[in-house]
């Protein structure tokens with residue numbers, strides 16, 4: 001299982017992405033998940049600035065994604081947002097370590 005953040009998801013569908021092929025090789029048939037927050041950010045980016053090809057790729061890409069609801073721990077909720085670390089990162093970060101701990 002691979003948990004994708006917003007930036008990774010954009011790299012999968014972006015026109016001219018130099019890492020798209022590498023990501024596809026790494027992921028292959030593994031299950032992909034995104035938190036609800038990452039999904040919301042990703043879809044907003046695609047809607048606002050995605051071209052026709054990127055939007056088509058996003059539709060196909062999202063068919064392979066399982067959305068997991070944000071369920072931050074009490075500790076994550078107590079983190080104070082800063083300029084470098086916004087609240088969305090605080091909510092998403094705990095999932096990254098849980099799902100990718102075997103890699």
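The values are calculated or read from the model by the stated rules, or taken from the named source; none is laboratory data. All figures in this text were calculated on a predicted structure; none of them were measured in a lab. Cβ sites come from the backbone with ideal geometry, for glycine too, and all protein chains shown count toward neighbours.
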**Request:** State the number of residues belonging to the range 30-54 that are under 17 Å from residue 67 (Cα atoms) and free of Cβ contacts under 8 Å to residues at least 12 places away in the same chain.
**Result:** 2
**Prompt:** Do you know which residues across the range 15-56 are over 15 Å from the mean Cα position of the chain (by Cα) and surrounded by 15 or more Cβ atoms within 10 Å (Cβ to Cβ)?
**Reply:** 17, 50, 54
**Message:** From the list 67, 59, 92, exactly one residue is at pLDDT 80 or above and in contact with a helix residue (DSSP H, G or I) (Cβ under 6 Å, 6 or more places away or on another chain). Which is it?
**Reply:** 67
